[in-house]
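A short worksheet on the structure shown next.
The values are calculated or read from the model by the stated rules, or taken from the named source; none is laboratory data. Values in this document were obtained by computation on a predicted structure and should not be read as measured data. Cβ placement follows ideal geometry from the backbone for every residue including glycine, while neighbour counts extend to all protein chains displayed. For accessibility, only protein heavy atoms count, side chains too; no ligands or nucleic acids. Shrake-Rupley method; radii C 1.70, N 1.55, O 1.52, S 1.80 Å.
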Amino acid sequence: MHEYSLAQALLSGLQEHLRQHPIPGRVAKVHVRKGELLSLSEWALKEAWRILTEGTELSGSELVLESVPVRVRCPSCGYEGEARYLTEEGWHIAVPVLSCPRCRGPVEITEGRDLAIVGLSIEERL
Ligand SMILES: [Zn+2]
């Protein structure tokens with residue numbers, strides 16, 4: 001399952017981080033940025049997280065997902081920013097069109113297709 005390996009990657013990255021930067025308490029929430037181009041089931045990801053963290057120091061922590069828009073960079077004219085969106089009549093979602101809004105050249109995706117941990121909420125140990 002795709003979500004399972006994503007959760008596994010998040011977990012091992014976070015455990016490595018916590019080994020190097022120990023925190024005085026328990027992680028209550030893990031804030032994760034999800035790129036718009038990354039399709040996944042939020043439910044399945046949270047479920048995988050719950051299973052994988054069982055028995056670890058992150059057991060009981062909750063994933064909080066925040067969606068981020070696609071950002072691109074144009075190698076020909078130097079444009080950097082959000083991708084151009086094409087919304088067609090009858091479509092219920094905006095489809096990111098991956099061409100440069102300035103010169104219409106091909107662009108590189110700089111953000112929007114991965115998962116990244118952006119913060120932790122810590123419960124202090126009393
Ligand atoms: Zn351009």
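In the chain, the calculated helix contribution to ellipticity at 222 nm averages -8000 deg cm²/dmol per residue, counting -39,500 (n - 2.57) for every DSSP H run with n ≥ 4. Accessible surface comparison of V32, V64, probe 1.4 Å, protein chains only, largest first: the order is V64, V32. Surface composition of the chain: carbon plus sulfur atoms contribute 51% of the solvent-accessible area (1.4 Å probe, protein chains only, all chains present). With the charge dipole of segment 1-74 set up from +1 on Lys and Arg Cβ and -1 on Asp and Glu Cβ about the Cα centre, the Cα lying farthest toward the positive end among the listed residues H21, S39, V72 is that of V72.
With a Förster radius of 25 Å applied to the C-beta separation of L18 and E66, the computed FRET efficiency comes to 0.75. Here the label points at H2 and T56, each 7 Å from Cα along the C-beta direction, are separated by 2.2 nm in the simple model.
Give the longest segment of the chain that steers clear of GluC sites (Glu not before Pro) in DSSP loops with at most 13 neighbouring Cβ atoms within 10 Å, not counting the sites themselves. List each step's numbers first, then the result.
Details: sites that count: E54, E88, E89.
Free of exposed loop sites, the longest segment is 1-53.
With both labels modelled 7 Å from their Cα along Cα-to-Cβ, the L38 to S121 distance reads 2.0 nm. Among beta bridges identified by DSSP and lying wholly in the chain, the antiparallel ones come to about 75 percent. For the chain, the longest principal axis of the C-alpha atoms and the axis of helix 2-20 are separated by about 60°. The angle separating the long axis of helix 42-53 from the principal Cα axis of greatest extent in the chain is about 30 degrees.
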